[in-house]
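**Q** The structure is given below, and queries will be raised subsequently.
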Amino acid sequence: MAMLTAKLSCSPAATASLGRRSGPARRAAAVRASAGSYADELVSTAKTVASPGRGILAIDESNATCGKRLASIGLDNTEVNRQAYRQLLLTTAGLGEYISGAIMFEETLYQSTTDGKTFVDCLKDQNIMPGIKVDKGLVPLPGSNNESWCQGLDGLASRCAEYYKQGARFAKWRTVVSIPCGPTALAVKEAAWGLARYAAIAQDNGLVPIVEPEILLDGDHGIERTLEVAEKVWSEVFFYLAENNVLFEGILLKPSMVTPGAEHKEKATAEAIAHNTLTMLRRRVPPAVPGIMFLSGGQSELEATMNLNAMNQSANPWHVSFSYARALQNSVLKTWQGRPENIEAAQKALLVRAKANSLAQLGSYTGEGESDEAKKGMFQKGYTY
């Protein structure tokens, strides 16, 4: 389990120098030291990902989860099939108009097309930043109420350095908070501390960290309870990010939208979800953070897009956009069906969803012409990546 205490290691001379400065000056100096020589690059990368009308394509599912996706269309979970599907996605012409970053699983970061072009180069050619999932998954949290913590801090610095050499420029670490299970103070603090340590390590190795404490949709609670928990979680997260001298201008957030539990008796409107989500963000997220890239969390493709659009009906202090997996890929998979003759149609389906969310980021999505498939919910209780 990640430790809940840390010490800032400095030379005696550096400590004396910091001691002569004011509080804000000490904080700024410590942050610059933490980000090291990558500070300017981190800020530039974050701004590129958080560019108008663009968002993130999340294709960082583990091999096991990717296998479940492939099984849904009758394909075996082999590296050849995983590579074929990721090639379909990452070689879609025109994708860079709507997508600014792509989060990959480690296997994908090192793969190439059947023509020998690396997936990293496919992305760079379209001005899409390559990203990488760096956590090692969820395991039970001892002493909690059947809750989880995210592992992967051991060896993270060396992994991040290797991913940077391979071309990755941002990272993702996903932990979860369960409302039906409490959440307990222990689980919230563990989630926040783990995210903060990861963020500091990622920045120290040139990767912009996506900070993702997903508040699961599981439960029958109302939207007010989700707002209460979200405020508590993000308060803890930013406290520990500051304690670890993370450069706020060089991070991206991947929060859950503030919605009722999936089993709540009444569904909330897009306007209510937007109001509660933006209320939480304005209370907890500093404007120094460049981008808020929402996860879809099992919403239907249409719901995820409509809710994002509602949040962009007025100016926000941050770029409010998307980092969707299922909400961008569901129609694509069902169109492809693993058949080479369907690749072009599947890529068109991807562009349809990417463009819809691009318009939602700009606040100009109307929902006209959406298919029945896009309206189907994708919530799975206890979903894991």
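**Q** Can you list residues from other chains, or at least 5 along the same chain, whose modelled amide H is less than 5 Å from the amide H of MET129?
**A** For MET129, the qualifying residues are GLY101, ALA102.
**Q** Next question, about the same structure. Taking 45 Å as R0, compute the FRET efficiency from the Cβ-Cβ separation of SER364 and GLU79 and round it to 0.05.
**A** Efficiency at R0 = 45 Å is approximately 0.65.
**Q** Counting heavy atoms of the protein chains only and a 1.4 Å probe, report the per residue accessible area for the chain as a whole number of Å².
**A** Per-residue value: 41 Å².
**Q** Still on this model: Report the full-extension gain for the segment GLN166 to GLU97: residue separation times 0.36 nm, less the Cα-Cα distance, to one decimal in nm.
**A** Roughly 22.5 nm would be gained on extension.
**Q** Would you mind calculating the relative contact order of region 90-216 from Cα pairs under 8 angstrom and at least 6 residues apart, reporting the percent as a whole number?
**A** 23
**Q** Would you mind computing, in nm to one decimal, how far apart the modelled labels at THR65 and ASN127 are, each placed 7 Å from Cα along Cα→Cβ?
**A** With each label point 7 Å from Cα toward Cβ, the separation is 3.0 nm.
**Q** Take the alpha-carbon centre of region 122-156, take the same for region 308-347, and report the distance between them in whole Å.
**A** Centre-to-centre (Cα) distance: 21 Å.
**Q** While we're on this one: When the accessible area of region 234-379 is split by element with a 1.4 Å probe, what percent falls to carbon and sulfur? List each step's numbers first, then the result.
**A** Values: 2880 of 5770 Å².
Roughly 50 percent of what the probe reaches on region 234-379 is carbon or sulfur.
**Q** Quick check on packing: order 81-90, 297-306 by the mean number of other C-beta atoms within 10 Å, highest mean leading.
**A** Packing proxy ranking, top to bottom: 297-306, 81-90.
**Q** Are there GluC sites (Glu not before Pro) in region 203-270 that DSSP puts in a loop and that have at most 12 other Cβ atoms within 10 Å, and which ones?
**A** Hits after loop and neighbour filter: GLU266.
**Q** Moving to a separate point now. With r defined as the distance between the Cβ atoms of LYS136 and ASN342 and R0 fixed at 45 Å, what FRET efficiency is calculated, to the nearest 0.05?
**A** Calculated value: 0.85.
**Q** Given the pairs LYS133/LYS189; LYS232/LYS254; LYS172/LYS355; LYS117/LYS355, which span a C-alpha to C-alpha distance of over 19 angstrom in this model?
**A** With Cα atoms farther than 19 Å apart: LYS133/LYS189; LYS172/LYS355; LYS117/LYS355.
**Q** Could you tell me which residue out of ALA196, GLY363, PRO142 lies farthest along the dipole of the chain toward its positive end? Charges go on the beta carbon: Lys and Arg +1, Asp and Glu -1, centred on the Cα centre.
**A** Checking the options against the dipole of the chain, the answer is ALA196.
**Q** Turning to a different aspect of this structure: Order HIS275, HIS319, HIS264 by their accessible area, 1.4 angstrom probe, all chains in place, largest first. All intermediate terms of the calculation are to be shown ahead of the outcome.
**A** On the way: HIS275 120, HIS319 25, HIS264 55 Å².
Descending accessible area places them as HIS275, HIS264, HIS319.
**Q** Right, here's the next one. For the chain, give me the percentage of DSSP beta bridges that are antiparallel, rounded to the nearest 5 percent. All intermediate terms of the calculation are to be shown ahead of the outcome.
**A** Working: 4 of 34 bridges.
Once the DSSP bridges in the chain are tallied, antiparallel ones form about 10 percent.
The values are calculated or read from the model by the stated rules, or taken from the named source; none is laboratory data. Computed from a prediction, not measured in an experiment: that's the story for all the values here. All Cβ positions, glycine included, derive from the backbone under ideal geometry; neighbour counts span all protein chains shown. Remember, those area values only see protein heavy atoms, side chains included, never the ligands or the DNA or RNA. Shrake-Rupley method; radii C 1.70, N 1.55, O 1.52, S 1.80 Å.
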